[in-house]
Amino acid sequence: MKTIRLTAAQAAIRYIANQLNEDGEPFIAGCWAIFGHGNVAGIGEALHSERERLQTWRGHNEQTMAHAAIAYAKQLGRRRAMMVTSSIGPGATNMLTAAALAHVNRLPVLLMPGDVFAGRGPDPVLQQVEDFDDGTVSANDCFRPVSRYFDRIMRPEQLLTALPRAFRTMTDPADCGPVTLAFCQDVQAEAYDWPEDFFAHKTWRIRRPQPDPVEVRKVADILRTARNPVIIAGGGVHYGQAHADLQAFAERFAIPVVETQAGKSSLPWDHRLNFGPVGVTGASSANAVCADADVVLGIGTRFQDFTTGSWALFNNPDRTLISLNVQAYDAAKHGAEPLCADAAVGLSALAEALGDARFAAPDPALKSDWFSAADRVTDAPESEENALPTDMQVIGAVQRSAGPDTVVMCAAGTMPGELHKLWKAGRPMSYHMEYGYSCMGYEIAGAIGVKMAEPDRDVICMIGDGSYMMANSELATAVMMDIKITLVLTDNRGFGCINRLQMSTGGEQFNNLLDHAQHVNPSRIDFAAHAASMGAETRKVATIAELEAALVGAREAPGPFVVVIDTDPYPSTEAGGSWWDVAVPEVSAREPVRKARERYMENLKRQRVN
Ligand SMILES: Cc1ncc(C[n+]2csc(CCOP(=O)(O)OP(=O)(O)O)c2C)c(N)n1
Ligand SMILES: [Mg+2]
């Protein structure tokens, strides 16, 4: 057997660079890296030696670098991914939040933190946490519950099995998620004689699992008896690239479709069978259809609480839940009748079994009523003299200036709920929402990842002042790497959405808006100046009309562009929506809390978990 002598780190990077997707592209598009003693000499030297084939990018924070990587994979429907390497200790644990984000959203990312010395000679090394009773524990063990596959590389030859396992996990449609290979510092630098064919190009095809014929028959029998079925389109429609299949299925059987946050843009917003966003941040049209539905067919959805109205939305006493999902865990959730398969393949099998069944699509007036309510809140205000703009009017302005190539993206705050309700998404994945972990600080780095995935698209990142303050430093990376993104920063001087949630659960306004937080000096942050200091082009605008004008300018700007607008923290779209289970205190000295508790107990009665 021919062998090549390389360090473990050199072998890992060479192997990674040779793994391809079905389209012949490297599955790992590049590596985000912040070096420290735990990875600079080993992984760092290896990345340098392979830099022609696997690019390395330097960010400012491990968490946000990983957000960029994850957003990239999401935008490309998991067909490609990125890796992120950190030193040991704080650099590694900075990536934990991102690992959890990828885990919740079932997105591939290869995390490669350095780890303590396998040989333990210099222990305790800088940043080693030291467990008194367990010699095998390091800070990286925190990754175990938030990695789909975790391994610690303590001998070079472990990579011969660990690396294929890593790619298997990232390219498996059901098990897909973050992989963490914690790489002991001394092992990275250790040489080994590797079989030459370990470095041959290898293609990883994302399989499309076929359904079990018995499950197809059972589910078809249920669906055939339905009077008013509904389809919930989740993120799995995007990841399974099942858009055309979904549309054909819905049209053939005349079944209305509603969309989750991850599933939005599965069908164009104006398709006659797209009844809009579902759930807590849903449209009245979608939620009315769901409340009535006797058969709910989820496709590629995790049925998270925002989708199901905390399981109080599907109110038909006779309703049956069907879950078409590539992951058996999701297919059998909450008493669902499982149809475990790839979305596209499952739909075509189900269509065949259903034969010439046909249902009655709901009244289209539900949609026109919803859009007239939605348009009222997004239309430009008639006068802009005495009132702060609302976030809904900001969405209207962005929508009016958006073109067919626009991707709007966001993760946390007021905007995800409002965008879910109000954004009119045309093309699949023109709407990129991280709402599995809804992680503040995903936005700017995520926008970078989206733009790297689709360089020809206009990427608009909607970001609140809170999220901006939590993580903004990758804006400098966007400038440095010439990644043209547009930020629309809504400054309502605090955590507007949580302030409203606090009020609706009977709480006094407290510790959310900056004015209600402990302070000596009122906060007055100049966001435009801050963004400009990192090299972005910026505009501070006062009105919706100015915002629209600035967004036209943004398109012509050569690099990252930030528009800042002050908005009113109090209004949100009242139309649509459904109850969300947020537990209210059972006892309280405050009357509004006691009242909120009463309302809460009433709503709880509608919750049906199975
Ligand atoms: C990392 C993280 N911490 C806390 C939260 C809880 N949270 C959700 S939205 C939000 C406030 C967001 O404020 P901002 O970005 O200004 O948006 P706004 O609601 O004001 O529009 C908070 C604290 C979260 N989602 N993520
Ligand atoms: Mg805010």
Inset, instruction - Can you tell me which residue within segment 7-27, out of those that are in a strand (DSSP E or B) and open to solvent by 20 Å² or more (accessible area, probe 1.4 Å), is farthest from ARG207 (Cα to Cα)? - result: THR7
Inset, instruction - Please determine, by comparing only the residues of segment 414-428 that are open to solvent by less than 20 Å² (accessible area, probe 1.4 Å) and assigned to a loop (DSSP other than H, G, I, E, B), which one is farthest from ASN492 (Cα to Cα). - result: ALA425
Inset, instruction - Tell me, yes or no, whether segment 565-578 has at least one residue that is closer than 19 Å to ILE485 by Cβ and modelled with pLDDT of 95 or more. - result: yes
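Could you grab me the full set of residues in segment 449-462 that are open to solvent by less than 10 Å² (accessible area, probe 1.4 Å), under 27 Å from THR56 (Cβ atoms) and in contact with a Leu (Cβ under 9 Å, 6 or more places away or on another chain)?
Filtering segment 449-462 for residues open to solvent by less than 10 Å² (accessible area, probe 1.4 Å) gives 449-450, 459, 461-462.
Next, only the ones that are under 27 Å from THR56 (Cβ atoms) stay: 449-450, 459, 461.
Within segment 449-462, just CYS461 meets the criteria.
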Legend entry - Residue ranges of strands (runs of 3 or more DSSP E) in segment 254-305 with at least 3 members in contact with a Leu (Cβ under 8 Å, 6 or more places away or on another chain) and in contact (Cβ under 8 Å) with a residue 12 or more places away in the chain: 295-299
Inset, instruction - Scan segment 156-182 residue by residue and report those that are open to solvent by 10 Å² or more (accessible area, probe 1.4 Å) and without any contact (Cβ under 8 Å) to a residue 60 or more places away in the chain. - result: GLU157, GLN158, LEU160, THR161, PRO164, ARG165, ARG168, ASP172
Legend entry - Residue list for segment 511-531, restricted to those being away from ligand 2 (no atom under 12 Å from the Cβ), farther than 30 Å from TRP579 by Cβ and open to solvent by less than 60 Å² (accessible area, probe 1.4 Å): ALA528, ALA529, ALA531
Inset, instruction - With respect to ASN274, determine if the residue is open to solvent by less than 10 Å² (accessible area, probe 1.4 Å), under 23 Å from the mean Cα position of the chain (by Cα) and at pLDDT 95 or above. - result: yes
Legend entry - Filter result for the condition that a residue is buried (at least 22 other Cβ atoms within 10 Å of the Cβ), within 13 Å of ligand 2 (Cβ to nearest atom) and either under 20 Å from the mean Cα position of the chain (by Cα) or modelled with pLDDT of 95 or more (or both), over LEU475, LEU489: LEU489
Inset, instruction - Test THR56 against the stated conditions and say whether it is among the hydroxyl-bearing types (Ser, Thr, Tyr), surrounded by fewer than 24 Cβ atoms within 10 Å (Cβ to Cβ), within 16 Å of ligand 1 (Cβ to nearest atom) and not assigned by the TED database to the domain that holds ILE460. - result: no
Inset, instruction - Starting from residues that are out of contact with any Lys or Arg (no Cβ under 9 Å at 6 or more places or on another chain) and part of a strand (DSSP E or B), keep the ones in segment 451-486 and report whichever is farthest from GLN75 (Cα to Cα). - result: GLY464
Inset, instruction - Return a yes/no flag: does segment 367-374 have any residue that is touching a Pro at 6+ places or on another chain (Cβ under 9 Å) and either outside the structural domain of PHE314 (by the TED database) or aliphatic (A, V, I, L, M) (or both). - result: no
Legend entry - Tabulated pairs, segment 443-468, first away from ligand 2 (no atom under 16 Å from the Cβ), second assigned to a helix (DSSP H, G or I) and of a type in the set (Asp, Glu), C-beta under 8 angstrom, 6+ apart or interchain: ALA445/GLU474; ILE448/GLU474
Legend entry - Number of the condition not met by TYR435 [criteria: (1) among the aromatic types (Phe, Trp, Tyr); (2) within 14 Å of ligand 2 (Cβ to nearest atom); (3) open to solvent by 10 Å² or more (accessible area, probe 1.4 Å)]: (2)
Inset, instruction - Search segment 533-581 for residues being part of a loop (DSSP other than H, G, I, E, B) and of a type in the set (A, V, I, L, M), and hand back the single one that is farthest from THR378 (Cα to Cα). - result: MET534
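For residues in segment 495-510 being under 30 Å from ARG539 (Cβ atoms) and open to solvent by 10 Å² or more (accessible area, probe 1.4 Å), which is farthest from ligand 1 (Cβ to nearest atom)? If you could, list the steps in order and put the result at the bottom.
Taking segment 495-510 and keeping what is under 30 Å from ARG539 (Cβ atoms), we get 495-500.
Those still in the list that are open to solvent by 10 Å² or more (accessible area, probe 1.4 Å) too: 495, 497-498, 500.
Details: PHE495: 3, CYS497: 3, ILE498: 5, ARG500: 8 Å.
Residue satisfying both the conditions and the ranking: ARG500.
Has segment 558-569 got at least one residue that is in contact (Cβ under 8 Å) with a residue 40 or more places away in the chain, surrounded by fewer than 20 Cβ atoms within 10 Å (Cβ to Cβ) and within 16 Å of ligand 2 (Cβ to nearest atom)? Lay out the reasoning, then the answer.
Residues of segment 558-569 in contact (Cβ under 8 Å) with a residue 40 or more places away in the chain: 558-569.
Checking which are surrounded by fewer than 20 Cβ atoms within 10 Å (Cβ to Cβ) leaves us with 558-559, 566, 568.
Restricting the remaining residues to those that are within 16 Å of ligand 2 (Cβ to nearest atom) gives 566, 568.
Yes, some residue in segment 558-569 is in contact (Cβ under 8 Å) with a residue 40 or more places away in the chain, surrounded by fewer than 20 Cβ atoms within 10 Å (Cβ to Cβ) and within 16 Å of ligand 2 (Cβ to nearest atom).
The values are calculated or read from the model by the stated rules, or taken from the named source; none is laboratory data. Because the structure is a prediction, the values reported are computed rather than measured. Every residue, glycine as well, gets a Cβ built from its backbone with ideal geometry; the counts of neighbours run over all protein chains shown. Only protein heavy atoms, including side chains, enter the accessible area calculation; ligands, DNA and RNA are left aside. Shrake-Rupley method; radii C 1.70, N 1.55, O 1.52, S 1.80 Å.
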